[in-house]
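Quick notes on the structure that follows.
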Amino acid sequence: MRSILKWIVSVLLAFSLMGCVKKEILDDISLIEGISFDYVDKKNILGTVVIPVYLPNQPPKSKTFSAKAEINKSILQEIQRQTADPVVTGSLEVVLFSNTLAEKVGILPLVDPFQRDPGVGSGLYLAVVDGDTKKLLSGKYGIRSNATYISNLLEHNIKNEDLPKTNLQLFLADFYQQGKTPYLPQLKQIGKDKLKINGIALLKYGKMIDLIAAEKMFFFKLLVDKYSQGLHRVKIDGGEAAIRSIHSSHNFELTKRNPTEVTIHIKIEGIINEFSGQELTPKLMHKLQNQFEKDVEKECLAMIERFKEKEIDPIGFGHFLKTKTRNFDFKNWWDNQYKDLVIRIIPEVSISESGVIE
């Protein structure tokens, strides 16, 4: 009898709790899927949100609303005054910042509210835009909503191309990590219905200070992430090879203390998909592997030297050395050690012959 009473009480309690949950009917709200910020002046920014409009037997259409304000909460309040239904952030997929805003003001005051919003997922994509973000969000990109298109563009380039893993959670982890500086992808509109990933924006204290060009992203990803798929072209005297299905990994090793020396071991495996020469002999295969290794070493070292000049550390050498050094002093690291850090790159490339030989 007592167990039955407990069961009845549990059921009644569950029903009472269900009645406390705030209900929202999809037809009665406006779900923001993307939001962007443009620089206006030192005090004001222009915010734009994109909301999908679903129609029967038709692909969704993207509708945009814009408002000018000092902080993004005020922007959302202004946009609420323009929409017939309440605006909510539960479906937010992308947040975009213009280059000018990222360089002059910085993005941290605008990112902070999203990490505090329980309705926003940690997998939210952040990106910088070369140009006007309002114009970019107002484009027409295929049959999906614009925010979904941008989200899918970033996702597939992370999985299959040269973009390192990126989202709100990873950005904040890099920012709050003393020995690492954050980075974000940069987008560019190249037509009313076309976008491209234009490079990787490097940030310092929340402000954009440099850009890794699209053609150098391959080498940056080797240093900060790993490839499960990928493509890279290698040129030698006997022709040019397209190396596909690239798998890569990297490993840091502290090889000296005074001066501090870090060795990065990079392993790369791939398949030759195309070759422009007449015949791919074992000798040419060996030359391709050697040239690939030389390219990786040269480009990665040049990139690291550039980071040292800019006093940023997107690779995370400071974080790595902290794990190897007792009572690690970050002030001394940034003031003295980082600029004198010696880096060695040891690439190990393994290429198998396969695919189409032209």
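The values are calculated or read from the model by the stated rules, or taken from the named source; none is laboratory data. All figures in this text were calculated on a predicted structure; none of them were measured in a lab. Don't worry about glycine lacking a Cβ; one is built from the backbone with ideal geometry, like all the others, and counts go over all protein chains shown. Please note that ligands, DNA and RNA were not included when accessible areas were found on the heavy atoms of the full protein model with its side chains. Shrake-Rupley method; radii C 1.70, N 1.55, O 1.52, S 1.80 Å.
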Residues in region 48-97 that are closer than 21 Å to VAL129 by Cβ, basic (Lys, Arg) and more than 26 Å from the chain's Cα centre (by Cα): how many?
1
Every pair of residues 6+ apart whose Cβ atoms lie under 9 Å, when the first sits in region 105-134 and is over 13 Å from LEU172 (Cβ atoms) while the second is of a type in the set (Phe, Trp, Tyr) and open to solvent by 30 Å² or more (accessible area, probe 1.4 Å):
VAL105/TYR39; GLY106/TYR205
Which members of region 291-323 meet the condition of being in contact (Cβ under 8 Å) with a residue 24 or more places away in the chain, closer than 17 Å to GLY179 by Cα and of a type in the set (Val, Ile, Thr)?
ILE304, ILE312, ILE315
Residue under question is ILE150, and the condition is that it be out of contact with any strand residue (DSSP E or B) (no Cβ under 9 Å at 6 or more places or on another chain), of a type outside the set (D, E, K, R) and in contact (Cβ under 8 Å) with a residue 60 or more places away in the chain; does it hold?
no
Return the pair list, or none, for Cβ contacts closer than 6 Å from residues in region 188-201 that are under 14 Å from LYS134 (Cα atoms) and among the hydrophobic types (A, V, I, L, M, F, W, C) to residues that are open to solvent by less than 70 Å² (accessible area, probe 1.4 Å) and part of a strand (DSSP E or B), at least 6 apart or on different chains.
LEU195/LEU187; LEU195/GLN189
(1) open to solvent by 40 Å² or more (accessible area, probe 1.4 Å); (2) closer than 19 Å to GLY119 by Cβ: which one isn't true of GLY47, the others all being true?
(1)
Name the single residue that is farthest from the chain's Cα centre (by Cα) among those in region 301-353 being assigned to a helix (DSSP H, G or I), of a type in the set (A, V, I, L, M) and surrounded by 13 or more Cβ atoms within 10 Å (Cβ to Cβ).
LEU321
For region 266-278, check the following and say yes or no: at least one residue is modelled with pLDDT under 90, part of a helix (DSSP H, G or I) and crowded, with 16+ Cβ neighbours inside 10 Å.
no
